[in-house]
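Peer 1: First the structure, then my questions, so here it is.
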Amino acid sequence: VANHTLYHDVPLAQSSNKNPVRTGNRGIIVAILGGAVVIAIGLAIGLAIGLRSRDSEDDPACTPTTEAEVQAPQYKSGNGKYRFATVVADATQCSRIGTEVMARHYGNVVDATVATVICDGVMNAHSAGIGGGAFFIYYNRKNRTAIAVDARETAPGQATQDMFHFGRVPWADLIQPTIDLCVNGAELTAAQQRAAVQRKDDIINNTEFSFLFDDNGEVKPAGSIIHRPKLGEVLKAIAADGADAFYDGCLTDDIVADIQDADGIITRDDLVNYQVEVTDPVTFEMTSPPLTVYSMPPPGSGVVLEYILNILSGYNFTPASVATPTDSILTHHRIVEAMKFAYAKRTELGDARFLNISEHRQYLFRVQSERNSYRDCFQQRDGRLLHPWHPSEANFIQPGKRPLSSMTPAVFVDRDTGDVKLVAGAAGGTKITTATAKVAIDTLWFNKTVVEAVDAPRMHHQLLPPELQLEDGFPENIRKGLEDKGHVITKTTGGSVVTAIQQTADDMLLSVSDFRKGGHPDGF
């Protein structure tokens, strides 16, 4: 899973296409900093795009900036500073494709998002792909309004309601660059190669994954050129007919047959009836600095992010809170405890359409001003998990119900001016929310750059299991101090991947693709 961010001050046009934009994947954030439109998306990829202004269509600044011009070598994560726009994806090729949509085709943020997401389904096929789920936070700077779009996967049996009707570039133009990658070949990313090695025994006999293996049955090394001609044909159909090709067209019966051949229960009606939902985002206020935050309502985890940040705002954190070892240990202890309290409340979350929410619990779903693996999971009624998480009746599977997700795309907006200051999101199952929170904490309260915040070793506690996970490289003195306070500590090599964009003091867009998955932003 991953995420993306986009910046654009050209208003989105109503789509002239008959097909709604129904993208796959999870873990994306798209934001437009200081411009007219910001989108934050939770998908299985990481994208950040930003566009500020354009005096003329012939502006030479619209030439995409090369990686060499923007890379800061002292950081581990790929990063860059751009004046007008930036796309941050988990794969460098996808960042470039998203940038091209805006720079060459004058597409808007939704166009760039779709193109980037489709690309990431090829470059990071273990994390993303057509037909996956997505969360969007859409922020319009001009009107200072935001909406949330829920395109999460739905349990078979019932459709949802609204559709997302933005985007102006034809489907064919958005998808053709990724078709070219499938047909002409693309480099096998290190992240996809690692995933293939880990799951080799599960996939080696499946001919659909043969592109990952050499003639000796070994996973090809990272950097090898791989070809996906069959996927290219699928994408050609979508390029020609739009989303209808997938949901109610030439691909639908084959998709259903493949799923049912693998003992799945999805029917044609489930695909035909699927639509996304457009609703209000979770909105909450931060006092220091004075920000309004927009994130994803249930079944997303924006309220969990809110819970963490609201608890910690009472401590009035500043850089002095981490200036000495003693202060830093206490501050990190407080952050861990806030995570634990928030994840305790998380067990009450689920698809709000299926919950009987008492009045005293409604704050979990509507923010009040005063106060997993790659995905999370459904549970069966006997408590057995379809993915590893602890039993919660709020998340039992039902026809038409959407599973709880830790995806937390978030847009942080200056309360007075409406300018976007930070956009962040993550991939990595239940670690998504804590990773997003920690990057926001480091950036907004401890005055780190967003690149420093993304590079920093991660910490994660979800209450159950009762252990604090610290990433390799976490400062030893803080680890020891937390252990002395009674925390049971385990080491981890990662699991959460963040992409983010920060508006800097010099009015530039600083964007970052997490080194944990690779990739590099692009922009102009």
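Readers should treat all values here as calculations from the given coordinates under stated rules, not as data from a laboratory. Since the structure is predicted, the reported quantities are computational estimates derived from the model, not experimental observations. Backbone-built Cβ (ideal geometry, glycine too); neighbour counts: all protein chains shown.
Peer 1: Obtain the nm distance between the two label points defined at TYR75 and GLN198 by a simple spin-label model: each point lies 7 Å from its Cα along the Cα-to-C-beta direction.
Peer 2: 2.5 nm
Peer 1: Could you list which residues have their amide H under 5 Å from that of ALA500, counting only those 5 or more apart in sequence or on another chain, with H placed in the peptide plane?
Peer 2: Excluding prolines and chain starts, which carry no amide H, the hits are VAL512.
Peer 1: Under 22 Å Cα to Cα from LYS76, which lysines show up? Leave out anything in the same chain fewer than 8 places away.
Peer 2: Correct list for LYS76: LYS431, LYS438, LYS448, LYS491, LYS517.
Peer 1: Next question. Could you check the spin-label model distance between ARG415 and LYS491? Points 7 Å from the Cα along Cα→Cβ, value in nm.
Peer 2: Taking the two extended label points, one gets 4.3 nm.
Peer 1: Let me ask you something else. Report the dimensions of the stretch 244-358 along its three principal axes from the alpha-carbon atoms, largest first, rounded to Å.
Peer 2: Rounded to whole Å, the extents work out to 62, 30, 29 Å.
Peer 1: Classify the stretch 196-237 as rounded, prolate or oblate, taking a ≥ b ≥ c as the square roots of the eigenvalues of its Cα gyration tensor: rounded when a/c is under 1.5, otherwise prolate if a/b is larger than b/c and oblate if not.
Peer 2: Prolate, since a/c reaches 1.5 and a/b exceeds b/c.
Peer 1: Could you check how many percent of all C-alpha pairs in the stretch 207-288 are farther apart than 20 Å?
Peer 2: Everything past 20 Å amounts to 59 percent.
Peer 1: Using the Kirkwood radius over Cα pairs, work out the Stokes-Einstein diffusion coefficient for the stretch 433-524 at 25 °C and 0.890 mPa s, in µm²/s as a whole number.
Peer 2: The Stokes-Einstein estimate is 171 µm²/s.
Peer 1: Long-range amide H contacts for GLU467: which residues qualify at under 5 Å (H placed 1.01 Å from N, peptide plane, sequence gap of 5 or more or a different chain)?
Peer 2: HN-HN under 5 Å from GLU467: GLN462.
Peer 1: How big is the Rg/Rh ratio for the stretch 67-143, C-alpha atoms only, Rh by Kirkwood, two decimals?
Peer 2: Radius of gyration over Kirkwood radius for the stretch 67-143 works out to 0.99.
Peer 1: Do you know the relative contact order of the stretch 219-368, to the nearest whole percent, from alpha carbon pairs under 8 angstrom that are 6+ apart?
Peer 2: In percent, rounded to a whole number, it is 18.
Peer 1: Let me ask something additional. Just the number: Rg to Rh for the stretch 469-510, Cα atoms, Kirkwood Rh, two decimals.
Peer 2: The Rg/Rh ratio comes out at 1.22.
Peer 1: Which order do peptides 252-263, 505-516 fall in by mean Cβ count within 10 Å, highest first?
Peer 2: 505-516, 252-263
Peer 1: Sticking with this structure for a sec: Quick query: amide H of VAL282 versus all other amide H atoms, modeled in the peptide plane; which residues come in under 5 Å with a sequence gap of 5 or more or a different chain?
Peer 2: SER295, MET296
Peer 1: Let me ask something else about it. What are the ³J(HN,Hα) couplings of the stretch 109-118, residue after residue, when phi is run through the Karplus curve with 6.51, -1.76, 1.60 and θ = phi - 60°? Round to Hz, x for glycine and proline.
Peer 2: Each residue's phi maps through the Karplus curve to give 5, 5, 4, 5, 5, 4, 4, 5, 5, 4 Hz.
Peer 1: Which peptide among 213-223, 169-179 comes first, and what is the full order, when sorted by highest mean count of other Cβ atoms within 10 Å?
Peer 2: Result, highest mean Cβ count within 10 Å first: 169-179, 213-223.
Peer 1: Please give the length that would be gained between ALA190 and THR279 if that part of the chain were fully extended, namely 0.36 nm times their separation in residues minus their C-alpha to C-alpha distance (nm, one decimal).
Peer 2: 28.3 nm
Peer 1: Under 21 Å Cα to Cα from LYS142, which lysines show up? Leave out anything in the same chain fewer than 8 places away.
Peer 2: Answer for LYS142, where 21 Å is the Cα cut-off: LYS421, listed by chain and number.
Peer 1: When VAL450, VAL149, VAL234 are ordered from fewest to most other Cβ atoms inside 10 Å of their Cβ, what list results?
Peer 2: By the 10 Å Cβ count, ascending: VAL234, VAL149, VAL450.
Peer 1: Excluding ALA237 itself, calculate the net charge of residues whose Cβ lies under 13 Å from the Cβ of ALA237, where each Lys or Arg counts +1 and each Asp or Glu counts -1.
Peer 2: -4
Peer 1: Calculate the spin-label point distance for SER210 paired with CYS250, positioning each point 7 Å from the Cα along the beta-carbon direction, and give it in nanometres.
Peer 2: 2.3 nm
Peer 1: Using the Karplus curve 6.51 cos²θ - 1.76 cosθ + 1.60 with θ = phi - 60°, work out ³J(HN,Hα) for each residue of the stretch 193-202 in order, rounded to whole Hz, and write x for Gly and Pro.
Peer 2: 5, 4, 5, 5, 5, 5, 10, 3, 5, 7
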